[in-house]
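Trainee: Dropping the structure in here first, questions after.
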Amino acid sequence: MITMVIQETLRLYPPAAFVAREALNDLKIGSLNIPKGTNIRIPVALAHRDPVVWGPNSVRFDPGRFANGIAGACKAPHMYIPFGVGARTCAGQNLAMVELKVVLSLVLSKFEFALSPNYVHRPAFRLTIEPGNGVPLILKKLY
Ligand code: HEM
């Protein structure tokens, strides 16, 4: 379950806003002609919310969509790219997933937490996608 929650969080709020590539040759993708040398930015969050790929509830937070892995969650697995894609995919993705699971498990084993009523949902597209006004939480120690 914790893996699915992390996967769904990285889907809706991928920290890396764009994956960047340079066209090494003239390319034609569908009807689009891309000349050699063009810098291409793939907007990760848009790919992650496309209802054609993810279904009509594409903007809903639903970790269960990953119950059968990434291939089961969307029509085209290459549209799920929180860690990029291909030969230059994130070198630290396995470490990042383990770190996230360890930190979340440790926090959840000691605290119950909820969003503060002061929380304002304002994702900000900076170098990374981050909470524009922070994430104030109400923490309760479990024991
Ligand atoms: C949630 C955490 C992380 C996210 C979302 C993330 C995301 C990304 C993305 C989108 C790329 C570009 C991949 C591409 O162009 O296809 C990347 C590259 C990279 N990441 Fe991460 N990353 C994370 C954590 C880490 C950690 C913990 C490390 C190292 C310990 C790391 C090391 C790298 C390196 C070295 C590259 C460059 C790979 C290359 O160009 O060959 N990342 N990351």
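The values are calculated or read from the model by the stated rules, or taken from the named source; none is laboratory data. Computed from a predicted model, the values in this text were never measured in an experiment. Methodologically, a virtual Cβ is constructed for each residue, glycine included, from the backbone with ideal geometry; neighbour enumeration extends over all protein chains shown. Accessible surface areas use protein heavy atoms only, side chains included; no ligands, DNA or RNA. Shrake-Rupley method; radii C 1.70, N 1.55, O 1.52, S 1.80 Å.
Trainee: Taking a probe of 1.4 angstrom, what is the accessible area of Lys110 in Å², to the nearest 10?
Mentor: About 90 Å², rounded to the nearest 10.
Trainee: Can you quote the Å³ per residue value for the convex hull of the Cα atoms in the chain, rounded to an integer? Each step should come with its number before you reach the end.
Mentor: On the way: hull volume 19.3 nm³, N = 143.
Looking at the chain, the number lands at 135 Å³ per residue.
Trainee: Follow-up. Please state the relative contact order of region 2-106 as a whole percent: Cα pairs under 8 Å, 6+ residues apart? Intermediate values should be presented prior to the final figure.
Mentor: Values: 117 pairs, mean separation 28.5, N = 105.
Across region 2-106, relative contact order equals 27 percent.
Trainee: Could you tell me which of rounded, prolate or oblate describes region 104-143, using a ≥ b ≥ c as the square roots of the eigenvalues of the alpha-carbon gyration tensor, with rounded for a/c under 1.5 and, failing that, prolate when a/b is larger than b/c and oblate otherwise?
Mentor: Working: a/c = 5.12, a/b = 1.89, b/c = 2.71.
Oblate is the answer for region 104-143, as a/c is 1.5 or above yet b/c matches or exceeds a/b.
Trainee: Report, ordered by chain and residue number, the lysines lying within cross-link reach of Lys141, taken as a straight Cα distance under 22 Å and ignoring same-chain residues fewer than 8 apart.
Mentor: Cα-Cα hits under 22 Å: Lys101, Lys110.
Trainee: Rank Glu8, Glu22 by accessible area, highest first, at a 1.4 Å probe radius?
Mentor: Details: Glu8 0, Glu22 105 Å².
Ranked list, largest accessible area first: Glu22, Glu8.
Trainee: By how many degrees, 0 to 90 and rounded to 10, does the Cα axis of helix 93-110 deviate from the longest principal axis of the chain?
Mentor: Approximately 20 degrees, to the nearest ten.
Trainee: Quick one: if you stick a label point 7 Å off each Cα along the C-beta vector at Ala23 and Leu127, how many nm between them?
Mentor: 3.0
Trainee: Report Rg/Rh for region 1-73, rounded to two decimals, where Rg is the Cα radius of gyration and Rh the Kirkwood radius. Don't jump to the answer; show the numbers that get you there.
Mentor: On the way: Rg = 15.2 Å, Rh = 14.0 Å.
With Rg and the Kirkwood Rh in hand, the quotient comes to 1.09.
Trainee: In addition: Which value, in Å² and to the nearest 10, is the accessible area of Thr3 when all protein chains are kept and the probe is 1.4 Å?
Mentor: 50
Trainee: Using only Cα atoms, find the angle between the long axis of helix 2-12 and the longest principal axis of the chain, and express it within 0 to 90 degrees, rounded to the nearest 10.
Mentor: 50
Trainee: Also, I was wondering about something else. Taking amide H positions as placed in the peptide plane 1.01 Å from N, state which residues far from Ala16 in sequence (5 or more) or on other chains have amide H under 5 Å from it.
Mentor: Under 5 Å from the amide H of Ala16: Ile129.
Trainee: If you don't mind, another one. Taking K and R as +1 and D and E as -1, what net charge do the other residues with C-beta under 12 Å from the C-beta of Met4 add up to?
Mentor: On the way: positive: Arg11, Arg65, Lys101; negative: Glu8, Asp62.
Net of charged neighbours comes to +1.
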